[in-house]
Amino acid sequence: MTFTTASPVVRQALALLWLALGGFAGAQMPAAPAPDAAAKVLRAEVANPVNAAQEAARGGQKEEAETKLREAAAVPNLSMFEQAVIERGRAGVSLSARDWPQAIRSLEVVVNSNQFSGADQLQMNELLAKLTYQEKDYLRAVTWLRRYAQEGGSDAAVRDLLPQALYLANEFKAAAEELEAHIAAEEAAGRATPEATLRLLISCYLQAKDDAGYARALERLAQGYPKPEYWSELLTRVTKQPGFSERLWIDVYRLRFAANLMRSGDEYVELAQLALQAGYPAEALAVIDRGLSLSLLGNGKDAAAHTALRERASKAAEKDSADLGRAEASAKTAREGDALVNVGYAYASSGQAAKGVGLMEQGVTKGNLKRADEARLHLGQALWQAGRKDDAAKAFTAVQGGDGSAALARVWSAFVRSPAGKV
């Protein structure tokens with residue numbers, strides 16, 4: 001980015017430097033921080049040409065300003081403070097002339113001389129951070145941004161430049177660490193992390209080839225800003241993991257259905273058929289009816305097939321409803337907990353989530369489960385349907401399977417805790 005004379009950074013720099021340079025006709029600078037007061041004396045033969053340089057620069061007379069600075073620099077036996085004042089004047093002249101590299105060099109000399117008060121030092125440090133960043137000297141900007149923070153700089157807009165500078169300097173791991181610390185502080189203060197910050201964190205992990213960090217950050221992004229593309233990306237990553245079980249596809253489609261991600265009639269048909277195969281016709285019927293309401297089913301060349309599928313689901317749901325009581329009684333006498341989990345999920349998917357959850361919890365407690373992680377995954381879904389988000393998240397956390405179920409449960413957990421997961 002190239003600065004113009006209207007640039008806020010340049011205006012701030014000039015205002016600060018002219019303020020600091022003003023009043024040098026006096027013999028001594030006020031509020032000098034160093035213990036040696038004599039070292040802060042500014043002789044008139046130095047102050048006068050520096051003031052003249054200031055006026056010339058304001059009038060656009062760069063050569064005259066530089067001549068006056070050379071005059072000041074030629075005074076014999078300059079103290080460190082006087083040298084710093086002259087260099088500070090040179091920085092102001094360079095900024096007026098839009099000579100950014102020279103302005104940066106001069107400011108660095110002044111700041112490193114430690115001849116000005118802490119507040120002045122901090123302001124010049126801030127200017128150096130901004131100027132080097134805008135000049136795309138990102139590693140140099142990182143140095144000044146870190147120093148700004150270490151010396152107590154509190155401007156959030158300036159501090160936020162540090163991870164950006166690290167990222168642009170290809171220091172992706174360090175940028176991620178800075179962002180994580182910033183996000184943790186924001187969360188501790190009860191403030192939401194901006195979407196742009198989370199997107200930058202995701203990009204850091206992606207560039208650093210940190211898959212685990214990328215997945216965590218993407219979950220936080222989807223949870224805080226539940227856009228369809230974020231949930232879709234999370235689910236795609238889960239299904240592409242090595243060893244992902246085919247049995248879990250129904251739970252992938254269930255989350256897509258819950259998050260309103262399904263955009264085609266084929267997806268609704270697929271989930272309905274999977275639900276019928278799994279023994280949950282009421283769920284299949286609900287899926288088909290939503291597809292019909294959205295005009296994704298019931299039209300075109302497959303309209304007759306959709307009608308037939310609904311009739312099949314409706315008849316099966318009617319029969320299942322009549323049989324659920326007997327199935328429940330039988331499940332309670334079984335040695336394994338699987339039957340209770342299955343019957344409970346059938347109740348939950350037919351609109352009786354509270355009753356279903358109770359039976360599923362009994363099944364999980366009974367144990368001897370063939371697929372314990374799958375049972376907990378389904379329990380979490382039923383708890384969410386019952387409006388018990390926190391308990392659902394705990395159930396999902398308990399899923400530890402290496403077949404993709406744990407990864408899928410993490411996405412389900414992020415979903416139920418997000419605004420999109422409101423039942």
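Observations
- Scanning the range 252-265 for residues that are open to solvent by 40 Å² or more (accessible area, probe 1.4 Å) and out of contact with any Leu (no Cβ under 9 Å at 6 or more places or on another chain) gives a single hit, Asn260.
- Single match in Leu296, Leu221 (criterion: buried (at least 16 other Cβ atoms within 10 Å of the Cβ) and part of a helix (DSSP H, G or I)): Leu221
- The sole residue among Val287, Val252, Val269 that is over 30 Å from Arg191 (Cβ atoms), assigned to a helix (DSSP H, G or I) and touching a Phe, Trp or Tyr at 6+ places or on another chain (Cβ under 8 Å) is Val287.
- Some residue of the range 332-347 being open to solvent by less than 70 Å² (accessible area, probe 1.4 Å), within 27 Å of Asn260 (Cα to Cα) and not in a helix (DSSP H, G or I): no
- Candidates Arg88, Arg98, filtered to the one that is in contact (Cβ under 8 Å) with a residue 60 or more places away in the chain, of a type outside the set (Phe, Trp, Tyr), touching a helix residue (DSSP H, G or I) at 6+ places or on another chain (Cβ under 8 Å) and open to solvent by less than 40 Å² (accessible area, probe 1.4 Å): Arg88
- Hey, Ala192 outside any helix (DSSP H, G or I) and hydrophobic (A, V, I, L, M, F, W, C) or not: yes
- Residue match in the range 140-163 (condition: part of a helix (DSSP H, G or I), within 25 Å of Glu233 (Cα to Cα) and open to solvent by 30 Å² or more (accessible area, probe 1.4 Å)): no
- Out of Asp338, Asp373, sole residue that is of a type in the set (Asp, Glu) and farther than 28 Å from Ile288 by Cβ: Asp373
- Selection within the range 107-128: residues that are small (Gly, Ala, Ser), touching a residue at least 12 places away in the same chain (Cβ under 8 Å) and in a helix (DSSP H, G or I). The member of this set that is most open to solvent (accessible area, probe 1.4 Å) is Gly118.
- Single match in Thr67, Thr132 (criterion: modelled with pLDDT of 95 or more and in a helix (DSSP H, G or I)): Thr132
- Every residue from the range 306-364 that is of a type in the set (Ser, Thr, Tyr), under 23 Å from Arg388 (Cα atoms) and free of Cβ contacts under 8 Å to residues at least 40 places away in the same chain: Tyr347
The values are calculated or read from the model by the stated rules, or taken from the named source; none is laboratory data. Predicted model only: the values in this text are computed from it and were never measured. Glycine also receives a Cβ, built like all others from the backbone with ideal geometry; neighbour counts cover every protein chain displayed. What goes into the accessible areas is simple: the full protein's heavy atoms, side chains included, and nothing from ligands, DNA or RNA. Shrake-Rupley method; radii C 1.70, N 1.55, O 1.52, S 1.80 Å.
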